[in-house]
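Laboratory data are not the source of any read-out in this text; all were calculated from the coordinates shown. What you are looking at is a predicted structure, and each value in this text was computed from that prediction instead of being measured. Backbone-built Cβ (ideal geometry, glycine too); neighbour counts: all protein chains shown.
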Amino acid sequence: MNRKRSILIKQLKWAFSLIEMLIVLTVLGVLFAVAAPNLFTLLQATSLSSEGNLVRNFLTQAQQLALSRNTDVEVRFFRMSDPSAADLEDEFRAFQFFQYDQRGQLSPASKFFRIKSPVYISDDPKLSTLLDPAANSDKEGKRYGYLSPSVGKGEVFVGGEDKGVSVPFVSFRFRADGSTDLPGRSRSSDVYQGGDTWFLTLVQGGGDGQGGGLTNYYTIQLDPFTGRLGVFRP
């Protein structure tokens, strides 16, 4: 009996008191409070990079299709809401590319891709010239077919419904030689600085894509003459 009591006393000596446990929990709480913002920022950056890489790879695939089939491929960026993620504000959240069929009509040449919320492509003309038809000021070039970026409306299927919904889009085309139908953008305006390169900028939701104060973004640069793609991250 005494031996069992002795063992029990030794075990109790190694146990934590209530005060010690509260101190440990307090320290862990402080550490979590300090680390949580950095962890949240890291998760946001990872999500933004993942979706940016998806759009970049999509553009590369569209250019390769134009080269391999020796025909134009039209890339469309759709402006729409995303009810499934509670994002009801219309933003550029989806994309798809099209190709002329045997009847001479543009038909889907890829599946309909969605950008995962809360990431979207900003339509701020300072961040995404490729989504701004006004960025094409080449009036002389338009006479020779340089119409992009072009605007239109297309049917998409939202929320698993059988009936399509008409939503606006902005588009451009890759030519059969890998170039684009985008003109050079040499302008003196501050809004369109950057020479001949066109670009798209993906941002995180929450108002971070509206110009000043932008801290985290993923910019895809496109050379209109070669179709070459580049990426810029802060």
If each residue's Cβ is checked for other Cβ atoms within 10 Å, how do Met21, Met80 rank with the fewest at the top?
-> Met21, Met80
Proxy exposure order for Ser107, Ser49 (fewest C-beta within 10 Å first) is Ser107, Ser49
What is the fewest-to-most order of Val165, Val156 by other Cβ atoms lying within 10 Å of their Cβ?
-> Val165, Val156
